[in-house]
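Have a look at the structure below before the remarks.
The values are calculated or read from the model by the stated rules, or taken from the named source; none is laboratory data. From a predicted model like this one, the values you see are computed outputs, not experimental measurements. Here the Cβ is made from the backbone with ideal geometry for all residues, glycine too, and neighbour counts use every protein chain on show.
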Amino acid sequence: MIGLMEECTMSMISKWESLLTESKGGVLDLLIDQDLRSLSAYIISRACFGSSYAQGKSTFVKLRAMQEVMSKPSLLFGLPNIRWLPTKSNREIRRLKKEVENLILKVVKDRQEESLKDGKNSKDLL
């Protein structure tokens, strides 16, 4: 999988280099957190599922939304069994969790059908 990681990373670096050449004076401020998050998601989706980031983008968007909801401070934090209360954030977390699970199961099901049709295995973890 190292070659796959290198290929994905080189495409991101090429994007940064093109932004640098387009900038005036050869100086550029980059906010790399979104690029690194996208790179990680792209590598994970290619290595695990053999799909591109575009195909798994909705899954990673929902995971990011769930992360943001879960990281919001709560007045009830620390109380035992708080996750079972039907608060707005808990309902949102459950909804996003179910959507992510359904998206992943869809990818698995599609892959199973594809391998039954083709009769060949892909070079990914799935």
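At-a-glance table
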{"read-out": "Scope segment 12-48; condition of a type outside the set (Gly, Ala, Ser) and farther than 30 Å from residue 104 by Cα; matching residues", "value": "16, 17, 19, 20, 21, 22, 24, 27, 28, 29, 30"}
{"read-out": "The lone exception for residue 124 - which of (1) of a type in the set (Asp, Glu); (2) modelled with pLDDT of 80 or more; (3) outside any helix (DSSP H, G or I) it fails", "value": "(2)"}
{"read-out": "The lone exception for residue 28 - which of (1) touching a residue at least 40 places away in the same chain (Cβ under 8 Å); (2) assigned to a loop (DSSP other than H, G, I, E, B) it fails", "value": "(1)"}
{"read-out": "Any pair with Cβ under 6 angstrom, 6 or more apart, that starts in segment 87-98 at a residue that is of a type in the set (D, E, K, R) and ends at one that is surrounded by 14 or more Cβ atoms within 10 Å (Cβ to Cβ) and assigned to a helix (DSSP H, G or I)", "value": "92/69"}
